[in-house]
Amino acid sequence: MDGNDTRQLLVEYKTRPVYMLHPGTKQWEMEYLADVIAYDFPSYESAQAHLSEWKEIWQDYLNEQSA
């Protein structure tokens, strides 16, 4: 592995349905649109550590919302 190797973690958020009228069939079609952020990490292990931390933070947030 050379010094330029990185691992990328993609975070998808704000996933929402969008409706589009298909020009050929004239039928409405639903697709999902999402925003994505890419984070670069120097190793797989560091990406996994950050992912675990974010999962914990998100779960704490959800628990607070339901309380």
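No value in this document is a laboratory result; all are computed from the given coordinates. It should be emphasised that the depicted structure is a prediction, and the values quoted were computed from it without experimental measurement. Glycine gets a Cβ as well: all are built from the backbone with ideal geometry, and neighbour counts include every protein chain shown.
Regarding A67, is this residue surrounded by fewer than 10 Cβ atoms within 10 Å (Cβ to Cβ) and among the hydrophobic types (A, V, I, L, M, F, W, C)? Yes: the conditions hold for A67. When the stretch 22-46 is filtered for residues that are surrounded by 10 or more Cβ atoms within 10 Å (Cβ to Cβ) and over 22 Å from W58 (Cα atoms), the ones remaining, listed by number, are E29, P42, S43.
Only a single criterion out of (1) within 17 Å of the chain's Cα centre (by Cα); (2) surrounded by 10 or more Cβ atoms within 10 Å (Cβ to Cβ) is not satisfied by T6, namely (1). Inside the stretch 26-45, residues that are farther than 19 Å from V11 by Cα and free of Cβ contacts under 8 Å to residues at least 12 places away in the same chain make up a count of 4.
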